[in-house]
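Each remark here refers to the structure printed beneath this line.
The values are calculated or read from the model by the stated rules, or taken from the named source; none is laboratory data. Everything numeric here is computed off the predicted structure, so don't read it as measured data. Ideal geometry is used to build each Cβ from the backbone, glycine not excepted, and the neighbour counts take in all protein chains shown.
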Amino acid sequence: MYSPYENFVNPQWVRLLELLQMNVRYSRCAGAELFAEDGCRYLDFLAGYCVHNTGHNHPKIIAALHDELSRSGPAMLQSHVPELAGELAANLCARARACLSKVYFCSSGSEGVEAAIKFARAQTQRDGLVYAKGAFHGMTCGALSLMDDPFWTKGFGPLLRDTRGVPFGDLEALRTALAYKSVAAFVVEPIQGEAGIRVSTGEYLREAQALCRRFGTLFVLDEVQTGMYRTGGFLAAHHYDVDPDMVVLAKALSGGLIPVGAVLMTDAIYKSVYSSLRRSIVHTSTYSENALAMRAGLATLDVIDEERLGARATELGEYLRNSLRSALEGYEMVAEVRGIGLLNGIEFKAPRRLRLRLLYEAFMKIHPGMFGQVAVMRLFRDGGILTQMCGNNFLVLKAAPPLVVTKPQIDTYVLAVRDMVDLMHHSASYWTEALRLARRAINI
Ligand SMILES: Cc1ncc(COP(=O)(O)O)c(C=O)c1O
C-alpha cells in the first residue's frame, strides 16, 4: 500500500516496524486500549514513553481543547500576557512545593533540558555540567552532551565541552567531579528510565543534593518521564524528600495531545536570566505558553486529581510488581522486577543451562540489540501488548501503562509476559525465529 510517510518521512522506521511485525494501522485509541483497523485490540503498556498518563484521548482533555479552540481567544500573539500560562505555572509550583516558584514553558523535554543548562550557567556563572552515565535527556545538542551512549551521539559532531558523566549512584565520583567548583549543574533523572528503570536510593539523591549545595552546583532533576504522577507523587523527587533547584517536565503534562515542556525553577535562577526589562525575553520559544498546551495542562491536572491517578499509580504499581514477581519466579533468565508506581522494568540476564546459553550466546553474537526487540515483538503479536525495551539497556523490558490502566488489564499483561518468558525458556521455535530475525536485521 502506498505510504506517503514511507516515501517522505522515515522509510527506515517503517522497515523496522515491518521486520518486527508491528506495523499496525490504528483507528482509535482510548484509555489504555488501541484498536486497529483489522479489528485487533492491543493494550498499551508503553504510553508513548510516559506521555499518556491520563490515558489516550481523555474526553475531558479533548473537551477543554475544543472549548479553547471555539473561544477564538488570543493565541501566538507574542505581544500579550497569556494568563493561562500563569494559571498552569501557579498550579505546577503549588504541587512541586519546595522553592520552585517560577516556570519556563517550552514544547518538549529536550527543549526543557536545554533551558535548564542555560539557566544553570546564567545563575552560577560556571560552564561545567555533570550527568549520570546511562542517562537519557533528549536529542538536541545540549541534551546529548549529557548522555554517554555513543549510539545517540556518534556522527553528530562536537557537543558541549565541559561535561562529565559519573556512574549513577556513585557519590564519591560525584564529589570528585563537583569539587573543582566549576560545575553549573548536576542533571539527573531520579529514576533512570532508558538506562533500565534504575531506581535511586533516597540516600543517593539526598547526598547528591547536599554535595551540590556544598560545591555551589545546581541540583537539576529531569522528571520528563518520572513526573506527572507516573511514580505516584507529582514528582519522583517527593519520594526522596529532595529540594531540586530546577525540575524539567514534559510528556504527560498536556495529556499526550499537545507538545509541551516546563522548567520549574527557584526565583533566584529566574532572576539571574530575566534580570532586567531588556532581558525579559532573553530565552524564549515561539510556541511556549501557547493556549492549547496550557489548557491541556490544566485539564490534565484536573483529570489526575479527579481520578486519583497518583494513588492509582502507587497501588497498581505494587499490584503489577507483585503479580510479575510471582508469575516469573523460577525463570532463570529473569534477573529482577523493579520500579516505582507505574514505571516498571523486568531485567533479563544470560541463562546458565548449557543448551539455552548456547542459543542466547549465538543470538547475542549476531545482534545483541535484537534480544529485547524479539521479546517486544512476541508480546505484541502473541499477547496483544504494546511495550518497549529501555532505550539504553536492551535487557530491560519496560512497562509504563497509562495510569488509568485497570487490574484486569494488568493481569492480561502479566499473563502475556509469563507466556513469552516461558517460550524464551522452553521453546526451540522462539529461538529459531529470533535468530532469523537477528540475521535479517543486520542484513537489511
Ligand atoms: C528522561 C527524559 N528526558 C528528556 C527527554 C526528551 O524529551 P523530548 O523527546 O520531549 O524532547 C526524554 C524523552 O524520552 C526523556 O525520557
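Tabulated results
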read-out	value
Residue pairs meeting the criteria (Cβ under 7 Å; at least 6 apart or on separate chains; first within 14 Å of Ala236 (Cβ to Cβ), in the stretch 183-196; second among the basic types (Lys, Arg))	Ile191/Arg198; Gln192/Arg198
Unmet criterion (only one of (1) part of a helix (DSSP H, G or I); (2) surrounded by 14 or more Cβ atoms within 10 Å (Cβ to Cβ)) for Ala90	(2)
Only one of Tyr49, Tyr42 that is buried (at least 17 other Cβ atoms within 10 Å of the Cβ), closer than 24 Å to Leu386 by Cβ and within 16 Å of the chain's Cα centre (by Cα)	Tyr49
Qualifying residue in the stretch 26-38 (condition: loosely packed, with under 13 Cβ neighbours inside 10 Å and not acidic (Asp, Glu))	yes
Test: residue in the stretch 219-236 that is at pLDDT 95 or above, within 27 Å of Gly55 (Cα to Cα) and surrounded by fewer than 22 Cβ atoms within 10 Å (Cβ to Cβ)	yes
Leading residue by the ranking (nearest to the ligand (Cβ to nearest atom)) among those in the stretch 130-151 that are surrounded by fewer than 18 Cβ atoms within 10 Å (Cβ to Cβ) and not in a loop (DSSP other than H, G, I, E, B)	Cys141
Within the stretch 176-190, tally of residues that are within 20 Å of Met246 (Cα to Cα) and either over 19 Å from the mean Cα position of the chain (by Cα) or more than 16 Å from the ligand (Cβ to nearest atom) (or both)	7
Filter result for His66 (surrounded by fewer than 20 Cβ atoms within 10 Å (Cβ to Cβ) and either in a helix (DSSP H, G or I) or touching a Gly at 6+ places or on another chain (Cβ under 7 Å) (or both))	yes
Strands (runs of 3 or more DSSP E) wholly inside the stretch 1-52 containing at least 1 residues that are hydroxyl-bearing (Ser, Thr, Tyr)	26-30, 41-44
Selected residue [within 18 Å of Ala293 (Cα to Cα) and out of contact with any helix residue (DSSP H, G or I) (no Cβ under 8 Å at 6 or more places or on another chain)] from Gly134, Gly157, Gly112	Gly112
Where Ala64 falls short, out of the listed (1) farther than 30 Å from Leu316 by Cα; (2) more than 16 Å from the ligand (Cβ to nearest atom)	(1)
Residue in the stretch 256-279 that is in contact with a Cys (Cβ under 9 Å, 6 or more places away or on another chain), touching a residue at least 24 places away in the same chain (Cβ under 8 Å), within 20 Å of Gly345 (Cα to Cα) and of a type in the set (A, V, I, L, M) present	no
Enumeration of residues in the stretch 301-313 that are surrounded by fewer than 19 Cβ atoms within 10 Å (Cβ to Cβ) and either on the phi > 0 side of the Ramachandran plot or in a helix (DSSP H, G or I) (or both)	Asp302, Asp305, Glu306, Arg308, Ala311
Among residues of the stretch 152-175, those that are more than 16 Å from the ligand (Cβ to nearest atom) and either without any contact (Cβ under 8 Å) to a residue 12 or more places away in the chain or outside any loop (DSSP other than H, G, I, E, B) (or both), counted	12
Residues that are assigned to a strand (DSSP E or B) and either surrounded by fewer than 20 Cβ atoms within 10 Å (Cβ to Cβ) or within 16 Å of the ligand (Cβ to nearest atom) (or both), drawn from the stretch 103-129	Tyr104, Phe105, Cys106, Leu129
Any pair with Cβ under 7 angstrom, 6 or more apart, that starts in the stretch 60-80 at a residue that is farther than 15 Å from Asn290 by Cβ and ends at one that is among the small types (Gly, Ala, Ser)	Lys60/Ala299; Ile61/Gly255; Ile61/Ala296; Ile61/Ala299
Near pairs, Cβ below 7 angstrom, 6+ apart or cross-chain, from the stretch 289-306 (touching a residue at least 24 places away in the same chain (Cβ under 8 Å) and under 14 Å from Gly73 (Cβ atoms)) to any residue that is small (Gly, Ala, Ser) and in a helix (DSSP H, G or I)	Glu289/Ala85; Ala293/Ser254; Met294/Ala85; Arg295/Ala64
Matching entry among Val14, Val24 (being within 28 Å of Gly138 (Cα to Cα), in contact with a strand residue (DSSP E or B) (Cβ under 9 Å, 6 or more places away or on another chain) and β-branched (Val, Ile, Thr))	Val24
Hits in the stretch 45-61 (condition: within 16 Å of the ligand (Cβ to nearest atom) and in contact with a Cys (Cβ under 9 Å, 6 or more places away or on another chain))	His52
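For (1) more than 20 Å from Ile191 (Cα to Cα); (2) within 22 Å of the chain's Cα centre (by Cα), each residue gets a yes or a no:
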residue	(1), (2)
Leu88	yes, yes
Thr124	yes, no
Leu146	no, yes
Phe156	yes, no
